[in-house]
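Below is one structure; the comments refer to it alone.
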Amino acid sequence: MGNLYPFLMLPGFDPRPWGTHDLSPIYPNRHFEEKIGEAWLTGDDCKVANGPFTGQTLAQLSQQHHRALVGDAARDPQRFPLLLKFLFPHEKLSVQVHPDDEQARRVGQPWGKTECWYVAHAKPGAQIALGLKPGVIVAQFGEAINEKRAEEVLNWLNIYTGDMIYVSGGTVHTLGPGSVIVETQQQSDTTYRLYDYGRPRELHLKEGLAAVKLKVASGKVLRPAPQQIRGSNNRQAVLVAAPYFVVDMFEMKDAQELSTRDESGKSSAQILVALEGCGVVEAAGAEPVTMAKGDAVVIPASVETFTVRPQWTLEFLKAHVPGAAQPEPETRM
């Protein structure tokens, strides 16, 4: 394992005009003077909160430890591959698009931004917009933006707690109010803002419209029901398996040993995000790490096995980079 160990991450709270002062039900005891839209958990600038590397960022640690941290499956050995964050939309986000890998490389970026959204909580009537309505072409979308009626040509979907939504690069999208989302994405913050309801923020129409794709695999992910893990009272469900990330849901009542290698034999850093309950993450030679609702723990790839021990019960997401090539997931709009 070397000198790496499970890292408890310090969340970075990012003010956004569409955010909220109240971050319940994830952080009920935190209150902010500014509206917070996002809590970043594994961004390049996110810092470790435990052990000898306290205060160091994931970017610094990736530069120092390379594959020992990020694993064999990551594309770039010197950059942490996945960004996870909570989103707290209290008003509509801007209508936006992220480039896919091909479009990103054309403008000098190393990769694009494909993401997925797990709906941790949703109030009745909560919606997202994903793609354009059938038959609407990019030129018509551009006209609708200029005429301040962009919302009319978007494909709106109702969302519910437990939904997983896949958002491939090139998909026009936005979030409405009334939900709490866990986002897993390629480590990129390239966003082209197309429409912002009159807010005084910059738009990126030329770049954004060039990045829009009409045929995308985005939508609600079709997935099997949770499966009982043999020999335990624990359940596991694959929420999404995609080219850039795999996200599983675990519901634990018993201690469970997990690995940083998948069936391909390749290793990847593992990111655990607690949604309900509390537990302890244990690895050989390392101090135990307590993980409670809202916390994220990064397991370096060189920590080959680790144990999650729930305190009563624990519900968490686990994200990693797949070792073998994955197709885009099966979805529905």
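The values are calculated or read from the model by the stated rules, or taken from the named source; none is laboratory data. Here the structure is a predicted model, which is why all the values come from computation and not from measurement. Using ideal geometry, Cβ is built from the backbone for each residue, glycine included, and neighbour counts are taken over all protein chains shown.
Here are a few things to note about the model shown:
- Exclusive hit being closer than 30 Å to H90 by Cβ and among the hydrophobic types (A, V, I, L, M, F, W, C), set V180, V238: V180
- Counted residues, segment 40-72 - those being buried (at least 23 other Cβ atoms within 10 Å of the Cβ) and not in a helix (DSSP H, G or I): 4
- Scanning segment 102-138 for residues that are modelled with pLDDT under 95 and either in contact with a Phe, Trp or Tyr (Cβ under 6 Å, 6 or more places away or on another chain) or of a type in the set (S, T, Y) (or both) yields a single hit, A104.
- With respect to being at pLDDT 95 or above and either over 25 Å from Y27 (Cβ atoms) or not aromatic (F, W, Y) (or both), G176 fits the description.
A quick yes/no check of all residues on (1) buried (at least 22 other Cβ atoms within 10 Å of the Cβ); (2) modelled with pLDDT under 95:
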residue	(1), (2)
K213	no, no
G231	no, yes
V240	yes, no
K266	no, no
Q270	yes, no
E276	no, no
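Here's the yes/no breakdown for (1) in contact (Cβ under 8 Å) with a residue 12 or more places away in the chain; (2) in the same structural domain as V119 (by TED's automatic domain parsing); (3) of a type in the set (S, T, Y):
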{"residue": "F13", "(1), (2), (3)": "yes, yes, no"}
{"residue": "S24", "(1), (2), (3)": "no, yes, yes"}
{"residue": "Y27", "(1), (2), (3)": "yes, yes, yes"}
{"residue": "F32", "(1), (2), (3)": "yes, yes, no"}
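Residue-wise test of (1) touching a helix residue (DSSP H, G or I) at 6+ places or on another chain (Cβ under 9 Å); (2) touching a residue at least 40 places away in the same chain (Cβ under 8 Å).
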{"residue": "V180", "(1), (2)": "no, yes"}
{"residue": "D189", "(1), (2)": "no, yes"}
{"residue": "R193", "(1), (2)": "yes, yes"}
{"residue": "L205", "(1), (2)": "yes, yes"}
{"residue": "K213", "(1), (2)": "yes, yes"}
{"residue": "V216", "(1), (2)": "no, yes"}
{"residue": "I229", "(1), (2)": "no, no"}
{"residue": "M249", "(1), (2)": "no, yes"}
{"residue": "M252", "(1), (2)": "no, yes"}
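- Among the residues listed as A241, A211, A286, A269, the single one being out of contact with any Lys or Arg (no Cβ under 7 Å at 6 or more places or on another chain), under 28 Å from F141 (Cα atoms) and not charged (D, E, K, R): A211
- Pairs meeting the criteria (first residue in segment 267-290 and free of Cβ contacts under 8 Å to residues at least 40 places away in the same chain, second residue crowded, with 20+ Cβ neighbours inside 10 Å and not in a loop (DSSP other than H, G, I, E, B), beta carbons under 6 Å, at least 6 apart or on different chains) are G277/L314; G279/M291; G279/V308; G279/P310; G279/L314.
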